[in-house]
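K.L.:
My structure is below; once you've seen it, I'll send some questions.
The values are calculated or read from the model by the stated rules, or taken from the named source; none is laboratory data. What you see is a predicted model; the values in this text were computed from it and never measured. Here Cβ is always computed from backbone atoms with ideal geometry, including for glycine, and neighbour counts include all displayed protein chains.
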Amino acid sequence: MLYFITDLLVLGCINSIMVVGLNLQYGYTGLLNFAFYTYVAIGAYIAAVTTIGPSTVTGVTWVLGWTLPWWVGIILGGIAASLLGALVFAFTVRRLRSDYLAIVTVSVAFIFWNAINTYIPLFDGGTGLFNVPYITGNAAISSEQYSGIMVLLSAAILALFVWTSRRLFRSPFGRLLRATREDEVVTNAFGRPSWQPQLWVFMIGCFMAGVAGGLFIFYITAWSPYAFLPLESFILLAALIVGGSGNYWGSLLGAFVLIEGLAELSRFIPSFGNGADVGAIRAIIIGAVLIVVLRYRPEGLIPERWLHWYSEAPSGLGARIRAIGRSG
Amino acid sequence: MTVAAEDTVLDIRDLGYAYGGSWAVKDCSFTVERGQVTGLIGPNGAGKSTLIEMLSGTLTPRVGSIHFNGRDITGASPARIARLGIARTFQTPRMLARLPVIENVVLAAPNQIGENPLRALFWQRSFRVQEAALRAEARGLLEWLGLQDHVEQLAGNLSGGQRRLMEIARALMAHPKLMLLDEPTAGVFPETGRLIATRVREIVGQGVTVLLIAHNMGFLSAVADDVVVMAEGKVLTRGPLDVVREHEDVIAAYLGSASTKKMMASTGAAPDPGGASG
């Protein structure tokens, strides 16, 4: 039972990191990124191949094959995802209106998925990476103990990223992000080329995605193209919209309620028919919840707080909850 | 074609812009003098708003040049033009709807050190003082324009007239040398229009130059030192409002039609295809 809870918490924290990163891009800045999970995957792959060492199995190949410490791998995964994000942004987003951005990111997701799935020397193609070592190395440790360690690590990183997004949000930089989201013509007309803050946020959000991917692969110890089907990005976006975009409490709520509450728990639905039905039901439930929320509460369960980021206002958790109650 | 004289803020020469094949602005030349309110009038489709969009960098001129304080800004980006000291309002007010009014205004202030994400993350104390000063300034501007009861309200909830006032506050927050006001009194309650007129005169008193588009003759006579009349993409005439409104070309342009031919002849222009729609 304890393992069940810690396992759920690890996955919840990792998913929350992703949603917090996506919220920076979509919630704060209005960049609709349907390829978000691609950056998670890049982070996972890079974290693995920089720490796992060279392949010892015939026919199984991957690039790099370094044996760096796990935490360096996670950071490198984040940086790789961030640089890839910058590259995609430089080639596409900067020249496109936000309407088209969604389509471009969908294309990016498909290009990367197919390239990784097909080109075996890169990350072992469709078979993927497996037997990725625990971050505890060779120490004898049960999977229960390992999930306990990973809860602490992922919660700490989640806390760091929530702090990051809170600091960014409550600053003139955050104001510029929201202004860009509302109307790029205005920010440009007042001397702020909108691509500059957008590029920052795209890179920071992708860094968070990459770190989440690194944590993910060190926890589940394997990764393949079937771990990052394009549907996953959609689920993250659904979690963000249901929870409430534009604030990190909504992100966290969405990650835990939608992804954890519905998706992970649905694994425990008694099986009937064939096993694939459960996955289908999961997708149906998420789609239905999204439709209902968009119809009856388009601002999400916790709407964006817009008043008083500045210090004149009361701060702290209590004041924030009261404010949520008022604005609801 | 030398660069402008010292008291010329804006020097527009032979400017032209076409949407598709039809010229909205063509062979348009005039200057805006320092410390004056220059009104820009003309019938619908005269090219006034297209001209403003070129001056603010949103549209790139096909031909001609724009000099601002002697510097060539033809085809520069909106952000660069803004940083050089030109602030604007929009024909349809553009609100950052989900931001409070005060944040809409503070946003426009130049050189905000807190817009650096690294400072936002690691050194928030470095911009506290500036932020407090900018907020006080924005609050003062909003009160000065009669919006003191709406400072913390979401900008998307403002009425039409309040939006125009907020846009003026936002443009002033940028500390401009030149303000472009695109129909600041359109759809505004007369009382508010008079407030805007008073404030525009006070702004000019502070040394800011203003170029504004207006249709309301009462408003123009209250604010404008000089009026430039445009029709079909060109400058028809310019001078004090009392003089130009008696000008027969102006009457023809406004009343349209019967005397169009005569107007064309007197300005020496050949009718160009599609020009009427520009």
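K.L.:
Going through the range B:196-218 one residue at a time, which ones are out of contact with any Lys or Arg (no Cβ under 8 Å at 6 or more places or on another chain) and either of a type in the set (Ser, Thr, Tyr) or crowded, with 17+ Cβ neighbours inside 10 Å (or both)?
P.N.:
Hits for the range B:196-218 are B:Ala197, B:Thr198, B:Arg199, B:Val200, B:Ile203, B:Val204, B:Val210, B:Leu211, B:Leu212, B:Ala214, B:Asn216.
K.L.:
A follow-up question, please. Please state which of the following conditions A:Asn33 fails to meet, knowing it meets all the rest: (1) at pLDDT below 90; (2) over 14 Å from the mean Cα position of the chain (by Cα).
P.N.:
Going through (1) at pLDDT below 90; (2) over 14 Å from the mean Cα position of the chain (by Cα) one by one, A:Asn33 breaks only (2).
K.L.:
Can you tell which of A:Leu168, A:Leu177 is modelled with pLDDT under 95, surrounded by 24 or more Cβ atoms within 10 Å (Cβ to Cβ), touching a helix residue (DSSP H, G or I) at 6+ places or on another chain (Cβ under 9 Å) and within 20 Å of B:Ser126 (Cβ to Cβ)?
P.N.:
Values: A:Leu168 fails: surrounded by 24 or more Cβ atoms within 10 Å (Cβ to Cβ).
Of A:Leu168, A:Leu177, the one residue that is modelled with pLDDT under 95, surrounded by 24 or more Cβ atoms within 10 Å (Cβ to Cβ), touching a helix residue (DSSP H, G or I) at 6+ places or on another chain (Cβ under 9 Å) and within 20 Å of B:Ser126 (Cβ to Cβ) is A:Leu177.
K.L.:
Moving to a separate point now. Can you find a residue that is part of a loop (DSSP other than H, G, I, E, B) and within 14 Å of another protein chain (Cβ to nearest Cβ) anywhere in the range B:45-57? Show your work before the answer.
P.N.:
Initially, the range B:45-57 is screened for residues part of a loop (DSSP other than H, G, I, E, B), giving B:45-47, B:56-57.
The next check asks that each one be within 14 Å of another protein chain (Cβ to nearest Cβ); those that pass are B:56-57.
There is at least one residue in the range B:45-57 that is part of a loop (DSSP other than H, G, I, E, B) and within 14 Å of another protein chain (Cβ to nearest Cβ).
K.L.:
Within the range B:58-89, which residues are touching a helix residue (DSSP H, G or I) at 6+ places or on another chain (Cβ under 7 Å), assigned to a loop (DSSP other than H, G, I, E, B) and at the interface with chain A (Cβ under 9 Å from one of its Cβ atoms)?
P.N.:
Selection gives B:Thr58 alone.
K.L.:
Same structure, new question: When only residues in the range A:116-138 that are part of a loop (DSSP other than H, G, I, E, B) and of a type in the set (Ser, Thr, Tyr) count, which is surrounded by the fewest Cβ atoms within 10 Å (Cβ to Cβ)? Before the answer, list the steps.
P.N.:
Initial filter on the range A:116-138 (part of a loop (DSSP other than H, G, I, E, B)): A:119, A:124-128, A:130-138.
The next check asks that each one be of a type in the set (Ser, Thr, Tyr); those that pass are A:119, A:127, A:134, A:136.
Working: A:Tyr119: 11, A:Thr127: 15, A:Tyr134: 17, A:Thr136: 14.
Filtering first and then ranking leaves A:Tyr119.
K.L.:
Anything in the range B:124-155 that is among the acidic types (Asp, Glu) and surrounded by fewer than 16 Cβ atoms within 10 Å (Cβ to Cβ)? List them, or say none. Please lay out each step first, then the result.
P.N.:
Step one: filter the range B:124-155 for residues among the acidic types (Asp, Glu), giving B:131, B:137, B:143, B:149, B:152.
Within the range B:124-155, B:Glu143, B:Asp149, B:Glu152 meet the criteria.
K.L.:
For the range B:134-148, which residues satisfy the criterion of being closer than 14 Å to B:Pro100 by Cβ, assigned to a helix (DSSP H, G or I) and away from every other protein chain (no Cβ under 12 Å)?
P.N.:
B:Leu142, B:Gln148
K.L.:
Identify, please: which residue in the range A:139-161 is surrounded by fewer than 18 Cβ atoms within 10 Å (Cβ to Cβ), in a helix (DSSP H, G or I) and not small (Gly, Ala, Ser) and is, among those, farthest from the other protein chains (Cβ to nearest Cβ)?
P.N.:
A:Glu144
K.L.:
Could you tell me which numbered condition B:Ile52 fails, if it satisfies all but one of (1) closer than 24 Å to B:Leu165 by Cα; (2) of a type in the set (A, V, I, L, M); (3) free of Cβ contacts under 8 Å to residues at least 40 places away in the same chain?
P.N.:
Failed condition: (3).
K.L.:
For the range A:162-184, how many residues are among the aromatic types (Phe, Trp, Tyr) and touching a Phe, Trp or Tyr at 6+ places or on another chain (Cβ under 9 Å)?
P.N.:
Step one: list which residues in the range A:162-184 are among the aromatic types (Phe, Trp, Tyr), which gives A:163, A:169, A:173.
Pick out the ones that are also touching a Phe, Trp or Tyr at 6+ places or on another chain (Cβ under 9 Å) and you get A:169, A:173.
The number of residues fulfilling the criteria is 2.
K.L.:
Show me the helices (runs of 4 or more DSSP H) found entirely inside the range B:175-249 where at least 3 residues are under 16 Å from the mean Cα position of the chain (by Cα) and touching a residue at least 12 places away in the same chain (Cβ under 8 Å). Explain how you work it out, then say what you get.
P.N.:
Details: elements: B:190-205, B:217-223, B:241-244.
Hits in the range B:175-249: B:190-205, B:217-223.
K.L.:
Next up: What are the residue pairs meeting all of these: first residue in the range A:33-44, first residue buried (at least 24 other Cβ atoms within 10 Å of the Cβ), second residue not in a helix (DSSP H, G or I), Cβ atoms under 7 Å, and 6 or more apart or on different chains?
P.N.:
A:Tyr37/A:Phe228; A:Thr38/A:Phe228; A:Val40/A:Phe228; A:Ala41/A:Phe228; A:Ala44/A:Trp223
K.L.:
Could you please give the count of residues in the range B:91-133 that are closer than 23 Å to A:Trp163 by Cβ, more than 8 Å from every other protein chain (Cβ to nearest Cβ) and in a loop (DSSP other than H, G, I, E, B)?
P.N.:
Count: 1.
K.L.:
Using the structure shown, decide if B:Gln162 is surrounded by 14 or more Cβ atoms within 10 Å (Cβ to Cβ), in contact with a helix residue (DSSP H, G or I) (Cβ under 7 Å, 6 or more places away or on another chain) and either within 11 Å of chain A (Cβ to nearest Cβ) or charged (D, E, K, R) (or both). Give the derivation first.
P.N.:
Values: surrounded by 14 or more Cβ atoms within 10 Å (Cβ to Cβ): yes; in contact with a helix residue (DSSP H, G or I) (Cβ under 7 Å, 6 or more places away or on another chain): yes; either within 11 Å of chain A (Cβ to nearest Cβ) or charged (D, E, K, R) (or both): no.
Considered against the rule, which asks whether it is surrounded by 14 or more Cβ atoms within 10 Å (Cβ to Cβ), in contact with a helix residue (DSSP H, G or I) (Cβ under 7 Å, 6 or more places away or on another chain) and either within 11 Å of chain A (Cβ to nearest Cβ) or charged (D, E, K, R) (or both), B:Gln162 comes out as no.
K.L.:
Does B:Ala87 satisfy being out of contact with any Asp or Glu (no Cβ under 9 Å at 6 or more places or on another chain) and either touching a residue at least 40 places away in the same chain (Cβ under 8 Å) or on the phi > 0 side of the Ramachandran plot (or both)?
P.N.:
On the way: out of contact with any Asp or Glu (no Cβ under 9 Å at 6 or more places or on another chain): yes; either touching a residue at least 40 places away in the same chain (Cβ under 8 Å) or on the phi > 0 side of the Ramachandran plot (or both): yes.
The answer is yes for B:Ala87.
K.L.:
Looking at the range A:54-92, which of the residues that are out of contact with any Leu (no Cβ under 9 Å at 6 or more places or on another chain) and among the polar types (S, T, N, Q) is nearest to A:Pro193 (Cα to Cα)?
P.N.:
Among those residues, the one meeting the criterion is A:Ser82.
K.L.:
Related question: For residues in the range A:179-226 being among the polar types (S, T, N, Q) and in contact with a Lys or Arg (Cβ under 9 Å, 6 or more places away or on another chain), which is nearest to A:Thr61 (Cα to Cα)?
P.N.:
Out of the qualifying residues, it is A:Gln198.
K.L.:
Under the condition of being basic (Lys, Arg) and part of a loop (DSSP other than H, G, I, E, B), which residue from the range A:162-211 is nearest to the other protein chains (Cβ to nearest Cβ)? Let's see the steps before the verdict.
P.N.:
From the range A:162-211, those basic (Lys, Arg) are A:166-167, A:170, A:175, A:178, A:181, A:192; that's our starting set.
Still in the running and part of a loop (DSSP other than H, G, I, E, B): A:170, A:192.
Working: A:Arg170: 8, A:Arg192: 6 Å.
Filtering first and then ranking leaves A:Arg192.
K.L.:
Among residues belonging to the range B:149-174 that are part of a helix (DSSP H, G or I) and among the hydrophobic types (A, V, I, L, M, F, W, C), point out the one that is nearest to B:Gln112 (Cα to Cα). Explain how you work it out, then say what you get.
P.N.:
Quick first cut of the range B:149-174, residues part of a helix (DSSP H, G or I) only: B:149-150, B:155-157, B:160-173.
Within this subset, residues satisfying the condition of being among the hydrophobic types (A, V, I, L, M, F, W, C) are B:155, B:165-166, B:168-169, B:171-173.
Values: B:Ala155: 21, B:Leu165: 23, B:Met166: 20, B:Ile168: 20, B:Ala169: 17, B:Ala171: 16, B:Leu172: 15, B:Met173: 12 Å.
So, considering only residues that are part of a helix (DSSP H, G or I) and among the hydrophobic types (A, V, I, L, M, F, W, C), the one nearest to B:Gln112 (Cα to Cα) is B:Met173.
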